[in-house]
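Here the structure comes first, spelled out in structure tokens, and everything after it is commentary.
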Amino acid sequence: MPLGLLALAIGGFGIGLTEFVIAGLLPEVARDFGVTEAAAGWLISGYALSVAIGAIGLTAAATRFNRKHVLLGLMVLFIIGNLLSAIAPGYAVMMLGRVVAALCHGAFFGIGSVVAADMVAPAKRAGAIAMMFAGLTTANVLGVPFGTLLGQQLGWRSTFWAITVIGVIALIGVATLVSGRSPDGARDAGLRGELAAFTHPQVWLSLTVTVLGFGGMFGAFTYIAYTLTEVSGFASSAVPWLLVLFGAGLFAGNFAGGKAADRSVPRTLITVLAALTVVLGVFALTAHNQVMTTISLVLMGAFGFATVPGLQMRIMHYADRAPTLASGANIAAFNIGNAFGAWLGGLTLAAGLGYTAPIWTGAALTLAGLAVLVPATRLASRRTEPIPVPQYSDNLAG
């Protein structure tokens, strides 16, 4: 394993921790700043919106620069954002810190996916992308529980100080372990070339599958605490430990999905999305049973995140030699899917359809993603020439 992948994974760990740990610290933050729970919740919503903006905007703005240098700049931005959060004297500065940190999120994973793919042989690229995203899944499994505990014991600011230190470690790792050289045979496409990738119908179909498929899982997950306590009958104290199991599923699914996608991206995505649809349906039907709920929760995380390496590889394939902006757009699509799924799930709850309704909604979204993917795969298979293996350049121009 190239050590550069470890540096990218550490950066992913810090970014994932920044995104998710705030949920467990909202009561303390709201109380410290004297704001309502709803206002504190905007620290999560504002972050998600900024991720989508940064994934496309920052990546487009940086197309002329060396990828390694851009990654270093993004980590500096990440450090500044979390430092602002750690020292924030009031709510406004805290929100500014969240926005600044979030702007680097999508661009880091979008550009990092291309950099990770460059580090290994063509047959191992999906696995390399999975390795980078392993930092994000590890943040869910280990980082969030320990980060929340740290914040509860030593004050919520201590968590953001710790994340700032993680950012510094990642910055040093990228600076020393990620190569700045261009792969052989790479060529530059420039911003115009990056934008031209969006003329390929398969790029848009990939983005659609990402929004629907990933949005299905998070539509079900957003309100999972209510399902676990109100339907399955778990005590509220058991919810954090059940979420750790969900995170373990994310971690395992990410690696398994990367390995499988290295063998066949189309077959992996179709199989995983079909399995996720079935798991969500079974979950909704058996949510009253605690054993089945626990199993379904783990499998939901596993199959849900098993899509990530394949979805990134698919869009990078069809963006051909200008994959960076498309890769960043796919990160934005993940977050749009999160918001869309959560919104639809919220509508079902508001309509009084019960706490399993968001899970059914998630299953419907995933099925819709599968309904887009299958004909898109058939359309792609009609090409007489094989999909080229991209040789991405060191510059963001790709």
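Residue by residue through the range 356-379, note down the ones that are of a type outside the set (A, V, I, L, M, F, W, C) and either assigned to a helix (DSSP H, G or I) or at positive phi (or both). Show your work before the answer.
To start, the set of residues in the range 356-379 that are of a type outside the set (A, V, I, L, M, F, W, C) comprises 356, 358, 361-362, 366, 369, 375, 377-378.
Residues satisfying the conditions are Pro358, Thr361, Gly362, Thr366, Gly369, Pro375, Thr377, Arg378.
Please enumerate the residues belonging to the range 45-79 that are among the β-branched types (Val, Ile, Thr) and either out of contact with any His (no Cβ under 6 Å at 6 or more places or on another chain) or on the phi > 0 side of the Ramachandran plot (or both).
Looking only at the range 45-79, we keep the residues that are among the β-branched types (Val, Ile, Thr), and these are 51, 53, 56, 59, 63, 70, 76, 79.
Ile53, Ile56, Thr59, Thr63, Val70, Val76, Ile79 - these are the residues of the range 45-79 that are among the β-branched types (Val, Ile, Thr) and either out of contact with any His (no Cβ under 6 Å at 6 or more places or on another chain) or on the phi > 0 side of the Ramachandran plot (or both).
Check Ile163 against each of (1) hydrophobic (A, V, I, L, M, F, W, C); (2) in the same structural domain as Leu43 (by TED's automatic domain parsing); (3) at pLDDT below 85 and name the one condition it does not meet.
(3)
Return the total of residues in the range 261-302 being of a type outside the set (A, V, I, L, M), under 13 Å from Phe214 (Cα atoms) and modelled with pLDDT under 95.
So the count comes out to 1.
Of a type outside the set (Gly, Ala, Ser), surrounded by 23 or more Cβ atoms within 10 Å (Cβ to Cβ) and under 14 Å from Thr366 (Cα atoms): is that true of Leu297 in this structure?
Values: of a type outside the set (Gly, Ala, Ser): yes; surrounded by 23 or more Cβ atoms within 10 Å (Cβ to Cβ): yes; under 14 Å from Thr366 (Cα atoms): no.
Criteria not met by Leu297.
Looking at this structure, is Phe108 among the aromatic types (Phe, Trp, Tyr) and more than 16 Å from the chain's Cα centre (by Cα)?
The answer is no for Phe108.
Considering only residues that are under 23 Å from the mean Cα position of the chain (by Cα) and outside any helix (DSSP H, G or I), look in the range 186-234 and name the one that is modelled with the lowest pLDDT.
For the range 186-234, the residue satisfying everything is Thr222.
If Val93 satisfies all but one of (1) touching a Leu at 6+ places or on another chain (Cβ under 8 Å); (2) of a type outside the set (S, T, N, Q); (3) free of Cβ contacts under 8 Å to residues at least 12 places away in the same chain; (4) under 18 Å from Val174 (Cα atoms), what's the number of the condition it fails?
All conditions are met except number (4).
Condition test on Ser237, is it surrounded by fewer than 16 Cβ atoms within 10 Å (Cβ to Cβ) and on the phi < 0 side of the Ramachandran plot?
yes
Take the residues in the range 276-294 that are surrounded by fewer than 17 Cβ atoms within 10 Å (Cβ to Cβ) and among the aliphatic types (A, V, I, L, M), then tell me which one is nearest to Ala121 (Cα to Cα).
Val278
The values are calculated or read from the model by the stated rules, or taken from the named source; none is laboratory data. The structure displayed is predicted, hence computed values, not measured ones. Every residue, glycine as well, gets a Cβ built from its backbone with ideal geometry; the counts of neighbours run over all protein chains shown.
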